[in-house]
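None of the figures in this text is laboratory data; all of them are computed from the coordinates on show. For clarity, every value in this text was computed on a predicted model and none was experimentally measured. So basically every Cβ, Gly included, is an ideal-geometry build from the backbone, and we count neighbours across all protein chains shown.
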Amino acid sequence: MLAEIKGINEECGVFGIWDHEKAAELTYYGLHSMQHRGQEGAGIVASDGMELKSHKGLGLVNDVFKQAKFDHLQGRTAIGHVRYSTQGGKVIENVQPLLFRAQTGSMALAHNGNIMNAYKLRGQLEEQGSILQTSSDTEVLAHLIKRDGQGINEETIGDALNQMVGAYAYLILTENKMFAALDPTGIRPLSIGMLGDSYVIASETCAFDQIGATFIRDVVPGELITIDDEGLRSTRFAQQQQRGMCAMEYVYLSRPDSNVNYVNVHASRKQMGKELAKEAPADADIVIGVPDSSISAAIGFAEESGQPYEMGIIKNRYVGRTFIQPSQALREQGVKMKLSPVRGIIEGKRVIMIDDSIVRGTTSRRIVQMLKEAGAKEVHVRIASPAIQNPCYYGIDMSTRDELIAANNTVEEVAELIGADSLAYLTESGLEKAILTDNTINQGLCTACMTGKYPVKEEGKKEISYTGC
Ligand code: AMP
C-alpha cells in the first residue's frame, strides 16, 4: 500500500461550469474533448445549490456517462475530471472529483498535477487522527482545508494550498461556490472562459471550443478564483514564481487546437519541426510523422527543409494510447495494433521519421522496424523535443530514470537500439524558440524531464527521491 500511495500520479483534465441549466451535460462534453488527458476514469459532481451529487466510474467518458445519469446530476453548477494514473492507482476510490460530505458544508475536488509532499502531509494528518479513504494526493487538500473546523473559503483554501509543494490545477465545488487554483509556478494549464453569462474553467481551451464558450484568460500562477452568485473574484494565495509551464504539454500532451499559456499547440509543434530541420537536417526522399502528436512537427520539418511531407504511417483510431498498457510486452503489441506503414509510400525510400518524443524507446524501435519491413531504404529518426533523461515529479507518467532510454544511453546507442540509420533530438534552445514566442505572457517552461532543471523542489530534500510518478 505504501508503494501504491507513493507511486500515484495524475496526468488529468479538469472542467467546471458555473450557473448553466445544462451544467452536467456541458461538463460531459468538456471532458470528452479532454479525453486524451486521461482514459482511466471520469466523473462529474453537480450542485443544485443545496446538495452535491456525484457520478463517476472507471473507463472512458462515454462508458461512464449514459443519458440517464444526467437526471441524477441536477443543478446549475458542475465540475468534472478525466483521470490517468500509473498502475497502482487504478481503483474507483481514486477517480475524481472526490466528494467529501460534512455537516458544515460539502466539497468536491478535481485535480490535475502531482503533490510532491503528499506523503509527508498524509503522515502528519494521520498522526492528528485523520483517516484517509483514497491513495490519491488530492484527498490531502480536502483534509487540510477542513482541518481547523473552519468553513471552505479563500482563506482556508489558501492556507491549505500553501502547504502543498508540486504542480496543481484544482477545481473545488461547494454547494454554492466554485474555486479554481493554480500552483505558483503554473506548471499545468488552467483557463477561464464564458458561455453566455456562465463561467467555464478548463485544463485546455479545446473544451471551450467544444461547448461554444469564449476564452477569457488563463488562471495566473498563485491565483485563487472564486465564483459565486456575486460573480468572479480573484485573490492571491501565493506570489507568482517564474513561470514553469510544462514543455510536454506542447510536445505531446495537449490537443493541437488548444492554446496553452496563450500559445497554440499545433503552431508550436510545427515550429519545433522547423527548428529541428534547421538543427539536424538529413538527406532523404520523404518526411513522415508518427500520428497524431507528431504530424504538426513533421509538417514543419518538411516545410523548412523543402523535402516532401508524406503520410507514411496510419493510425487505427480504435486502439487506446500505448502508454496505458502496463507491461512492456503489451506495450509492444499495442504499438503494432495501433500504427501501420503505408507500404506504397515507404518502399524504396529514404525516410525522415519525426516523432515528438522518445520515452522508453518502444514506439520508435517498433516503427523503425515496421518501416524497414515495408521496404524503407533508410530511416532517419528526428525527435521534436530534447531527450527525456529525468523523471517527472509534476504529474506526467514519465517512468523511472531506469526506464528512460536516453538516461542510460548516448544518442548513438539509442539510434542503434531503435535500429535507426541516424538519430537527432531538438535542442533545449530550439524547443524554447518554438514555444516562447513574443506573444507569450509569463514566459518560462518546465523542461525538467529533459534538462534536469526542476523548478519546484521539496524543501529539505537534497535529491528528489521519488521513484517515478
Ligand atoms: P516510448 O514508446 O516509451 O518511447 O514513448 C514515446 C511515445 O509515447 C511517443 O510517440 C510519444 O508520442 C508518446 N508519449 C510521450 N510522452 C508521453 C506520456 N507522458 N504519456 C503517454 N505517451 C507519451
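Tabulated values for the structure
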read-out: Förster radius 30 Å - calculated FRET efficiency between ASN176 and ASP257, Cβ distance, rounded to 0.05; value: 0.35
read-out: Residues HIS380, HIS36 arranged by fewest to most Cβ contacts within 10 Å; value: HIS36, HIS380
read-out: Cβ-placed point charges (K, R +1; D, E -1), dipole of the range 145-261 about Cα centre in debye, nearest 20; value: 340 debye
read-out: Value of relative contact order over the range 2-244, rounded to a whole percent, pairs C-alpha under 8 Å and six or more apart; value: 21 percent
read-out: Distance between the range 63-131 and the range 147-167 - C-alpha centres, whole angstrom; value: 16 Å
read-out: Rounded, prolate or oblate (a/c below 1.5 giving rounded, otherwise prolate when a/b exceeds b/c) for the chain by Cα gyration tensor; value: prolate
read-out: Cut-off of 10 Å, at most 11 other beta carbons, DSSP loop: longest stretch of the chain lacking such GluC sites (Glu not before Pro); value: 231-458
read-out: Computed [θ] at 222 nm, helices only, for the chain once each DSSP H run of length n ≥ 4 contributes -39500 (n - 2.57); value: -7500 deg cm²/dmol
read-out: The range 263-439: Cα Rg divided by the 2.2 N^0.38 Å rule of thumb; value: 0.97
read-out: Residue exposure sequence - LEU431, LEU26 - by fewest surrounding Cβ within 10 Å; value: LEU26, LEU431
read-out: Relative contact order (%) - the range 263-439, alpha-carbon pairs under 8 angstrom, separation at least six; value: 24 percent
read-out: Acute angle (nearest 10 degrees) that the helix 118-127 long axis makes with the longest principal axis of the chain, alpha-carbon atoms; value: 30 degrees
read-out: Cα-centred dipole magnitude for the chain, charges only on beta-carbon of K, R (+1) and D, E (-1), debye, nearest 20; value: 820 debye
read-out: Karplus (6.51, -1.76, 1.60) ³J(HN,Hα), θ = phi - 60°, over the range 132-137, in Hz, Gly and Pro reported as x; value: 9, 9, 10, 9, 8, 5
read-out: The range 39-104: C-alpha gyration tensor shape, a/c 1.5 cut-off, then a/b vs b/c; value: oblate
read-out: Selected from VAL359, SER385, SER340, residue furthest toward positive end of dipole (the range 336-389; charges at beta carbon); value: SER340
read-out: Residue order, fewest to most beta carbons within 10 Å, for THR214, THR174, THR138; value: THR214, THR174, THR138
read-out: Amide H partners (placed H, <5 Å) of SER106, local residues excluded; value: GLU175
read-out: Length-normalised contact order for the chain - Cα pairs under 8 Å, 6+ apart - percent; value: 14 percent
read-out: Net dipole in debye of the range 212-255 [+1 Lys, Arg Cβ; -1 Asp, Glu Cβ; about Cα centre; nearest 20]; value: 240 debye
read-out: Global geometry of the range 2-244, whether rounded, prolate or oblate, following the gyration tensor of its Cα atoms and the 1.5 cut on a/c; value: rounded
